[in-house]
Amino acid sequence: MLKKSDTILSEALIEKGLVAKESLNPLLKEAETSKLNLQQLLVRDGLFNESDLLKILAEKLKITFLDLKTFPFNKAVLDKVPVKIASYYVFVPIEIKDRIITIAVSTPFDIKTHDEIRTQLGYDIEMVLSTQGDVLDSLQKNYGLAADTLQSISSQIPRFDSTSAIKDSVEDIEKLAEDASVIKLVNQIILDAYRKRATDIHIEPYRDGLSLRYRVDGLLYDANVPTEMKNFLNAIISRIKIMSNLNIVERRLPQDGRAIVRAQEHVLDLRISTMPTPHGESVVIRILPTKMLFSLEKLGLAKKDVQVFERLIQKPHGIIFVTGPTGSGKTTTLYTCLTRINTKERKIITIEDPIEYEIAGVIQVQVMPDIGLDFARGLRSMLRHDPDVMMVGEVRDLETAEIAIRVALTGHLVFSTLHTNDAASGIARLIDIGVEPYLLSSSVEAFIAQRLIRVLCPDCKHEDKNTPRELRELIAKDLGLKSANEVKVFKGKGCPNCNFTGFFGRTAIYEILLVDDVIKDLVLKKMPSNKIKKVAVSQGMRTLRQDGWQKVISGITTPEEVMKVTTSEGEIIEKSDLALSERLEAESTLKTEGMNRRTYSRLDNKINLRYKALKSQEELSRRGFNPEQLCVTKNISAGGLLFIADELLPIGSILELHIELPDGSQAIECLARIVRIYELEQDRSYDIAVCFLDLTGADRMRLSKYLEVELQEDR
């Protein structure tokens, strides 16, 4: 039987001339016999947008269409409606006024449903219309993820205390883990994470509750979960263990497993790791699609760099190293290269830890140290299978490095990774583990460093007119532009599409060091990596920061993202760059209120300072003050200070400070870490920037008050 709302909607569409009656008749007949209403059928066939249909229907019914994405919900109103009722009838409460409750629905309720809700809630009902997706998202946002499922479990099964994990009956937990409601709960967690583009799910137990977090675009975000979820931690973890064939009885040792699940139309490969904590097991689920489309053009490479990659991966032999810290996208880059050259004429074998993506036509081997299958042994065995191209997940030791080099020298193309900060440091790393320079220069074709940066959301991206002049001048200088006026900087306002972060997705920035004849000579002479980098830059190599700046002016990312991942702690930087970096770092710190402000006020003043560099942990533990050097500060804040030193101290060194305030009060003693250094040209001295490590609350407050008084007097 045709619903009244379908009849009203069809009449409205015909009246507005948006569709012919003859075109609607087949859909109306289908709506009579199927579970879908006319509105859903029109959206399914792509004839109308759901929000447009609801606006037309709302106009016809003389009710309101409401955008729930930005609606400020009232907790007092939400508390009046049990989650069980709201989830069952699929509505979200909006307002209560004079014994009338306003609810948002995606389809107008019939009289029977209307009466059922009024009877259960004790309020008269008024409806507003909103899209189905917005209603479901609002239910989850306000009541918590899977709140209705948890309530269903609670009403059927006794609660389990996560703090008494060892005492719980294993049989009861296993039975509970197979319950349909628990299975549904775990599925909802995975599906919600996938919909939000999460790469990892973190389930973390604490004394006072349970934390569920998703990693999206490299950052962790809390998922709103009901407080009841902590009572079912054991059931959730046992279900996850069953999915990944782990031992549900073992709760005292870490375990690693794997599971394949289907989310909507996609098949996902889950990598599961558990770890014991005092309050239950902590679980991390990494979400990987079983199939990925790899393309050099989509990695974030500039057109010129794509051509360089193409030439490198087509070479008949040699080694190509991709460098960077964990989580910088090295494996994705390697897989993309392998996919590009994966043809029937080539035999490709990889040895990895772990295998992240499956590539058709490529033999992939998983490292198993427990049985003696490490990278070196696997690499030796791979040679007996007559490969053309080989990939080694990581070069960790001299044995693996020497085998890979000899394989490259005997006519094979080898891909691998190193954990170094930039491309030139890869050379120093290999020499440091014992590789002879002549072998390195003869076999390595290129070192490619990379980092991941967040991409601005295309829906809310706009030009930032308030970008500091110094920043634009720095970008123009680094890129060799004629004027800072050529530099345009963009930022994201935040919108529902990007979860109000201003970013949507990530891309990579690259630094490609080609080992040509000039670089080979430097390698043979064992020149330091910073010298090699300078020569490479003089020959046209674009550094990570320069590649990042190019993406900034192209509107892909923000300067803060680039400076965050390209800060080099091992080099002396110019004073102007230091001041700008500090300023941007402070100004870009977002507080919970969403406002930009500097964390600490800074005073440019000379204050007597004594410092001592701690050489060892034993010296650190003694904490006996023994001043060695006397100097003065250039500026100071409650978070750190800048002082002049006659000696060059290593970045990251721990100093013991004795700060003598001019107000005559007791000196402040604390530990500090050196974060930046730049050289003063005129007198061979250095400006040392440090941040305080263990400044007490009382001393920080005393220092803040002193600075406040001095700053007011300066004004």
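The values are calculated or read from the model by the stated rules, or taken from the named source; none is laboratory data. As the structure is a computational prediction, the values presented were derived from the model and not from experiment. Here Cβ is always computed from backbone atoms with ideal geometry, including for glycine, and neighbour counts include all displayed protein chains. Each accessible area value is taken on the protein alone, full model and side chains, heavy atoms only, with ligands, DNA and RNA left out. Shrake-Rupley method; radii C 1.70, N 1.55, O 1.52, S 1.80 Å.
Give the number of residues within segment 415-444 that are open to solvent by 40 Å² or more (accessible area, probe 1.4 Å) and either touching a strand residue (DSSP E or B) at 6+ places or on another chain (Cβ under 6 Å) or not charged (D, E, K, R) (or both). Steps first, answer last, please.
So in segment 415-444, the residues open to solvent by 40 Å² or more (accessible area, probe 1.4 Å) come out as 419, 421, 428-429, 431-432, 436, 438, 442.
Cutting the leftovers down to either touching a strand residue (DSSP E or B) at 6+ places or on another chain (Cβ under 6 Å) or not charged (D, E, K, R) (or both) gives us 419, 421, 428-429, 431, 438, 442.
The total comes to 7.
Can you list residue pairs whose Cβ atoms sit under 9 Å apart, with the first residue in segment 687-709 being within 14 Å of GLU656 (Cα to Cα) and at pLDDT 85 or above and the second being open to solvent by 30 Å² or more (accessible area, probe 1.4 Å) and of a type in the set (Phe, Trp, Tyr)? Count only pairs 6 or more apart in sequence or on different chains.
none
Could you say whether any residue in segment 391-405 is without any contact (Cβ under 8 Å) to a residue 60 or more places away in the chain, among the hydroxyl-bearing types (Ser, Thr, Tyr) and part of a helix (DSSP H, G or I)? Don't jump to the end; show me each part of the working.
The initial filter retains those residues of segment 391-405 that are without any contact (Cβ under 8 Å) to a residue 60 or more places away in the chain, namely 391-392, 394, 396-403.
Narrowing the set further to residues that are among the hydroxyl-bearing types (Ser, Thr, Tyr) leaves 400.
Pick out the ones that are also part of a helix (DSSP H, G or I) and you get 400.
Scanning segment 391-405, I find at least one residue that is without any contact (Cβ under 8 Å) to a residue 60 or more places away in the chain, among the hydroxyl-bearing types (Ser, Thr, Tyr) and part of a helix (DSSP H, G or I), so the answer is yes.
Scan segment 315-335 residue by residue and report those that are surrounded by 22 or more Cβ atoms within 10 Å (Cβ to Cβ), in contact with a Gly (Cβ under 6 Å, 6 or more places away or on another chain) and not in a helix (DSSP H, G or I).
PHE321, THR323 - these are the residues of segment 315-335 that are surrounded by 22 or more Cβ atoms within 10 Å (Cβ to Cβ), in contact with a Gly (Cβ under 6 Å, 6 or more places away or on another chain) and not in a helix (DSSP H, G or I).
Of the residues LYS465, LYS461, only one is touching a Phe, Trp or Tyr at 6+ places or on another chain (Cβ under 8 Å) and either farther than 30 Å from MET391 by Cα or open to solvent by 10 Å² or more (accessible area, probe 1.4 Å) (or both); which? Walk me through how you get there before you give the answer.
Values: LYS465 fails: touching a Phe, Trp or Tyr at 6+ places or on another chain (Cβ under 8 Å).
Testing whether each residue is touching a Phe, Trp or Tyr at 6+ places or on another chain (Cβ under 8 Å) and either farther than 30 Å from MET391 by Cα or open to solvent by 10 Å² or more (accessible area, probe 1.4 Å) (or both) leaves just LYS461.
Out of the residues in segment 486-511 meeting the condition of being aromatic (Phe, Trp, Tyr) and open to solvent by 10 Å² or more (accessible area, probe 1.4 Å), tell me which one is nearest to TRP549 (Cα to Cα). Steps first, answer last, please.
Step one: of segment 486-511, the residues aromatic (Phe, Trp, Tyr) are 490, 500, 503-504, 510.
Next cut, open to solvent by 10 Å² or more (accessible area, probe 1.4 Å) only: 490, 500, 503-504.
Numbers: PHE490: 12, PHE500: 24, PHE503: 17, PHE504: 19 Å.
Of everything passing the filter in segment 486-511, PHE490 is nearest to TRP549 (Cα to Cα).
For segment 465-484, state whether one or more residues are within 28 Å of ASP222 (Cβ to Cβ) and polar (S, T, N, Q). Lay out the reasoning, then the answer.
Pass one, segment 465-484, residues within 28 Å of ASP222 (Cβ to Cβ): none.
Within segment 465-484, none of the residues are within 28 Å of ASP222 (Cβ to Cβ) and polar (S, T, N, Q).
Are any of the residues in segment 240-248 among the charged types (D, E, K, R), open to solvent by 20 Å² or more (accessible area, probe 1.4 Å) and modelled with pLDDT of 85 or more? Show your work before the answer.
Narrowing segment 240-248 to residues among the charged types (D, E, K, R): 241.
Narrowing the set further to residues that are open to solvent by 20 Å² or more (accessible area, probe 1.4 Å) leaves none.
There is no residue in segment 240-248 that is among the charged types (D, E, K, R), open to solvent by 20 Å² or more (accessible area, probe 1.4 Å) and modelled with pLDDT of 85 or more.
Applying the selection to segment 471-505, what residues are basic (Lys, Arg) and either in a helix (DSSP H, G or I) or within 16 Å of MET563 (Cβ to Cβ) (or both)?
Our first condition is that a residue be basic (Lys, Arg); within segment 471-505, this holds for 472, 477, 482, 488, 491, 493.
If the condition is that a residue be basic (Lys, Arg) and either in a helix (DSSP H, G or I) or within 16 Å of MET563 (Cβ to Cβ) (or both), then ARG472, LYS477, LYS491 are the ones that fit.
For segment 508-542, which residues satisfy the criterion of being in contact with a Leu (Cβ under 8 Å, 6 or more places away or on another chain), β-branched (Val, Ile, Thr) and over 27 Å from THR331 (Cβ atoms)?
VAL535
Restricting to segment 626-670, give me the number of residues that are β-branched (Val, Ile, Thr) and either surrounded by fewer than 15 Cβ atoms within 10 Å (Cβ to Cβ) or under 35 Å from the mean Cα position of the chain (by Cα) (or both).
Initial filter on segment 626-670 (β-branched (Val, Ile, Thr)): 632-633, 636, 644, 651, 654, 659, 668.
From the residues that got through so far, the ones that are either surrounded by fewer than 15 Cβ atoms within 10 Å (Cβ to Cβ) or under 35 Å from the mean Cα position of the chain (by Cα) (or both) too are 632, 636, 651, 654.
Looking only at that region, the number is 4.
For ARG346, only one of the following conditions fails: (1) more than 29 Å from SER529 (Cα to Cα); (2) under 26 Å from the mean Cα position of the chain (by Cα); (3) open to solvent by 70 Å² or more (accessible area, probe 1.4 Å). What is its number?
With (1) more than 29 Å from SER529 (Cα to Cα); (2) under 26 Å from the mean Cα position of the chain (by Cα); (3) open to solvent by 70 Å² or more (accessible area, probe 1.4 Å) applied to ARG346, the lone miss is (2).
As an exercise: evaluate VAL283 against (1) buried (at least 19 other Cβ atoms within 10 Å of the Cβ); (2) modelled with pLDDT under 90 and give the number of the one condition it does not meet.
Exception for VAL283: condition (2).
Could you list, in sequence order, the residues of segment 66-81 that are open to solvent by less than 60 Å² (accessible area, probe 1.4 Å) and not in a helix (DSSP H, G or I)?
Across segment 66-81, the qualifying residues are LEU66, PHE71, PHE73, VAL81.
(1) of a type in the set (A, V, I, L, M, F, W, C); (2) surrounded by 13 or more Cβ atoms within 10 Å (Cβ to Cβ); (3) over 27 Å from VAL92 (Cβ atoms): which one isn't true of ALA31, the others all being true?
With respect to (1) of a type in the set (A, V, I, L, M, F, W, C); (2) surrounded by 13 or more Cβ atoms within 10 Å (Cβ to Cβ); (3) over 27 Å from VAL92 (Cβ atoms), ALA31 is out only on (3).
Of all residues in segment 202-234 being part of a helix (DSSP H, G or I) and touching a Gly at 6+ places or on another chain (Cβ under 6 Å), which is least open to solvent (accessible area, probe 1.4 Å)? Step through it out loud before you land on a result.
Of the residues in segment 202-234, the ones part of a helix (DSSP H, G or I) are 227-234.
Checking which are touching a Gly at 6+ places or on another chain (Cβ under 6 Å) leaves us with 230, 233.
Details: LYS230: 81, LEU233: 2 Å².
Out of the qualifying residues, it is LEU233.
From SER529, SER483, grab the single residue that is open to solvent by 20 Å² or more (accessible area, probe 1.4 Å) and touching a Ser or Thr at 6+ places or on another chain (Cβ under 7 Å).
Working: SER483 fails: touching a Ser or Thr at 6+ places or on another chain (Cβ under 7 Å).
From the options SER529, SER483, the qualifying one is SER529.
Exactly one of (1) crowded, with 18+ Cβ neighbours inside 10 Å; (2) not in a helix (DSSP H, G or I) is unmet by ALA536. Its number?
Status for ALA536: all satisfied but (2).
Among what's in segment 43-63 and is of a type in the set (Asp, Glu) and surrounded by fewer than 17 Cβ atoms within 10 Å (Cβ to Cβ), pick the residue that is modelled with the lowest pLDDT.
Step one: filter segment 43-63 for residues of a type in the set (Asp, Glu), giving 45, 50, 52, 59.
Imposing the further condition that a residue be surrounded by fewer than 17 Cβ atoms within 10 Å (Cβ to Cβ) reduces the set to 45, 52, 59.
Values: ASP45: 81, ASP52: 86, GLU59: 86.
The residue in question is ASP45.
Among the residues of segment 53-65, which ones are in a loop (DSSP other than H, G, I, E, B) and in contact (Cβ under 8 Å) with a residue 24 or more places away in the chain? Before the answer, list the steps.
Initial filter on segment 53-65 (in a loop (DSSP other than H, G, I, E, B)): 62-64.
If the condition is that a residue be in a loop (DSSP other than H, G, I, E, B) and in contact (Cβ under 8 Å) with a residue 24 or more places away in the chain, then ILE63, THR64 are the ones that fit.
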